[in-house]
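Notes to accompany the following structure.
The values are calculated or read from the model by the stated rules, or taken from the named source; none is laboratory data. This one's a predicted model, so the numbers in the text were calculated from it and none came from an experiment. When we count neighbours, we look across all protein chains shown, and the Cβ atoms used for this are built from the backbone with ideal geometry, even at glycine.
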Amino acid sequence: MDLNLRKAILSNVSGHNTDQLEATIVDAVENGEEKMLPGLGVLFEMIWKEANEQDKHEMLETLEHSLQKQS
């Protein structure tokens, strides 16, 4: 069985508007289910690829700050 998880995830959200995408992300984050992590990873990959250097820097700073709060 050849399952391309990335393609499946993108197929599931293809054509979604911003409200639908937000609902998907919020649902995944609030539920905290491990099975949702690959989907969030694919969405983050898309954001990262489209981001300019300033946006990437801001994301990394936000991530660093969030990780420091967890320690």
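Brief remarks on what is shown
- Answer from T24, T62 - the residue that is of a type in the set (S, T, Y), surrounded by 11 or more Cβ atoms within 10 Å (Cβ to Cβ) and in a helix (DSSP H, G or I): T24
- Check on D55, loosely packed, with under 10 Cβ neighbours inside 10 Å, at pLDDT 95 or above, among the acidic types (D, E) and in a helix (DSSP H, G or I): no
- Residues of segment 8-19 that are in a helix (DSSP H, G or I), of a type outside the set (G, A, S) and surrounded by 11 or more Cβ atoms within 10 Å (Cβ to Cβ): I9, L10, N12, V13.
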